[in-house]
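In what follows, a single structure is set out as structure tokens and then discussed.
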Amino acid sequence: TPHFNVLNNAFSTATANLGPDGASYASALHPPVGGGANQTNLPATASDLTMTALETAVTDIMNFTDDQGLRIYIRPKRLIIPTALWAVARKILETPQAVGSADNDKNVVQGLVETVVSP
């Protein structure tokens, strides 16, 4: 569907697929409106979908700043995943304890975001 074209082309540098700041949507080089250092919406290291990776992503999102370096209140709402990862996402987001751990730690991402499975 056309709604998924933004995700399907998120890494594309073709002019038709760039965001309003002139960078691809998935880019480490988003120029702030008021100038200053570029901002990123990519993880420091690419990773598979794991509980640790999701915790890191949530923390990174919570630390987003505006063009003056001030933190903005932003929280993730949805985790958009391919059909191949639906089971992994459910294990991570719907289990009360930390996934893959015998320590009985609380799952801090349980119920945090809505999961959307992309065709």
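The values are calculated or read from the model by the stated rules, or taken from the named source; none is laboratory data. Owing to the predicted nature of the structure, the values given are computational and were not obtained by experimental measurement. A quick note on method: Cβ atoms are made from the backbone with ideal geometry, for glycine too, and the neighbour counts reach across all protein chains shown. What goes into the accessible areas is simple: the full protein's heavy atoms, side chains included, and nothing from ligands, DNA or RNA. Shrake-Rupley method; radii C 1.70, N 1.55, O 1.52, S 1.80 Å.
Some points to look at:
- Of all residues in segment 99-116, those satisfying the criterion of being farther than 12 Å from residue 51 by Cβ, surrounded by fewer than 14 Cβ atoms within 10 Å (Cβ to Cβ) and within 18 Å of the chain's Cα centre (by Cα) are 111, 114, 116.
- Among the numbered conditions (1) under 18 Å from residue 89 (Cβ atoms); (2) hydrophobic (A, V, I, L, M, F, W, C); (3) within 12 Å of the chain's Cα centre (by Cα), the only one that residue 4 does not meet is (3).
- Summed over segment 104-116, the residues that are touching a strand residue (DSSP E or B) at 6+ places or on another chain (Cβ under 8 Å) and not polar (S, T, N, Q) give a count of 5.
- When each of 22, 35 is tested for being over 24 Å from residue 81 (Cβ atoms), open to solvent by less than 80 Å² (accessible area, probe 1.4 Å) and at pLDDT below 85, the lone residue that passes is 35.
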